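The values are calculated or read from the model by the stated rules, or taken from the named source; none is laboratory data. Because the structure is predicted, anything quoted here is derived from the model rather than measured. Methodologically, a virtual Cβ is constructed for each residue, glycine included, from the backbone with ideal geometry; neighbour enumeration extends over all protein chains shown.
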């Protein structure tokens, strides 16, 4: 399939918007020349790119309010962007719209050690929260692999998880309050300082809404006490399906680990030369299973985990003997995505979620799909909650390989639904999975999604074309189902 031509930016509209925004922000906060907006053409899903018409970088809530009111008046679409680490194209810009970057909202506004909360601007890095809270003996639990770079605002937009979400929950379970602005420039203050608030759960609605409902300018999160002690079990398996079965066995034994992750042989081979964690490179798969709490609790749980792993067919079991070794075990898992660059020019990261009991058959199915498409796949994922992150390895310079990769990924998502799961666990839908939404949800359900969108944004100006497909799109997708994504977003140049 030939690369589609890029949409031409309407220069008249662009100048009108630039002139109007110049009255709101200083010149250095307004970008519109090609060389200035090029860095914003994609997020972490770099296969899809498009130049924004205008990029604006406000520093105050008042500027955000005025920008949104202006765009509402002019009926110009707006895409909010955080750190740009998202993997589903959720921050893909529009050639006829404004890209609203919140990168300058980087202040930690308050940390309350008694209430165990932190009040933050959306541009604060995930890891920076725990770093700031550490002197108080506290930390922020959700820890995506990209936590060194991703922002808390983006985490809320995508409902990010992480290595320790099995025990401590996703972003939605760790956010207390939000300040956000509608496209009309109306302030919403959602949530409370208490454990619950009356009325509909709008806090959960906005968490994971992918920028379709409002623009977040402040987040209040829960902090937790740093565990007294933690240890990690590393278990090796000679069959990836055995490792998947071991995950189900751990949960069935009544153990809720602080973290339970899996990496296959390709992944450990990619990360080991960098982290030197001592991973067994001959193993088909390894599991990392962590316990935290008091020393007594950890010792008991580690013993139970070890027994389950051995009974599940582990060929080797190691337990971290100190904090340095524990962190080294986890360093490899956190480095898995960037390490894919050691073994392939490009990779495509999927994000399906399935019941834990289905891990073994799902892994076997992915192996079969790998052979079908002639593409290698690194299996690395949050095994404890069934959140899969298969990394399909491809070379974008080879004609047709991206299209084959998309078809491979679409089949993984279809299988996730068939196994009783869902097409996304924490990366969002964005543009990447929008056709798969047509498979998972009925026309009536999608109509309800659009009704919720209209209640916040009746003219569909916030991040249009993302996350929730139109019924017309699903009808078209039904007719071309076998092409599994080859036609999606035909106006977006792919590289």
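Worth a mention:
Yes/no matrix, rows are residues, columns are (1) within 23 Å of residue 154 (Cβ to Cβ); (2) touching a strand residue (DSSP E or B) at 6+ places or on another chain (Cβ under 7 Å); (3) touching a residue at least 24 places away in the same chain (Cβ under 8 Å); (4) in the same structural domain as residue 453 (by TED's automatic domain parsing):
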{"residue": "172", "(1), (2), (3), (4)": "yes, no, yes, no"}
{"residue": "200", "(1), (2), (3), (4)": "no, no, no, no"}
{"residue": "205", "(1), (2), (3), (4)": "yes, no, yes, no"}
{"residue": "234", "(1), (2), (3), (4)": "no, yes, yes, no"}
{"residue": "248", "(1), (2), (3), (4)": "no, no, yes, no"}
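- Residue check for residue 37: under 30 Å from residue 405 (Cα atoms), at pLDDT 95 or above and assigned to a helix (DSSP H, G or I): yes
- Unmet requirement for residue 84, which otherwise passes all of (1) under 23 Å from residue 338 (Cβ atoms); (2) surrounded by 23 or more Cβ atoms within 10 Å (Cβ to Cβ): (2)
- Meets criteria (in the same structural domain as residue 422 (by TED's automatic domain parsing) and in contact with a strand residue (DSSP E or B) (Cβ under 7 Å, 6 or more places away or on another chain)) for residue 367: no
- Restricting attention to the range 50-83, the residues that are assigned to a loop (DSSP other than H, G, I, E, B), in contact with a helix residue (DSSP H, G or I) (Cβ under 9 Å, 6 or more places away or on another chain) and touching a residue at least 60 places away in the same chain (Cβ under 8 Å) total 4.
- Flag for residue 141 being in contact with a strand residue (DSSP E or B) (Cβ under 6 Å, 6 or more places away or on another chain) and farther than 27 Å from residue 430 by Cα: no
- Residue 293 in contact with a helix residue (DSSP H, G or I) (Cβ under 9 Å, 6 or more places away or on another chain), under 12 Å from residue 230 (Cβ atoms) and surrounded by 15 or more Cβ atoms within 10 Å (Cβ to Cβ): yes
- Meets criteria (farther than 19 Å from residue 144 by Cβ and within 24 Å of the chain's Cα centre (by Cα)) for residue 286: yes
- Each residue in the range 120-146 was checked for being within 15 Å of residue 159 (Cα to Cα), in contact (Cβ under 8 Å) with a residue 60 or more places away in the chain and touching a helix residue (DSSP H, G or I) at 6+ places or on another chain (Cβ under 6 Å), and 4 pass.
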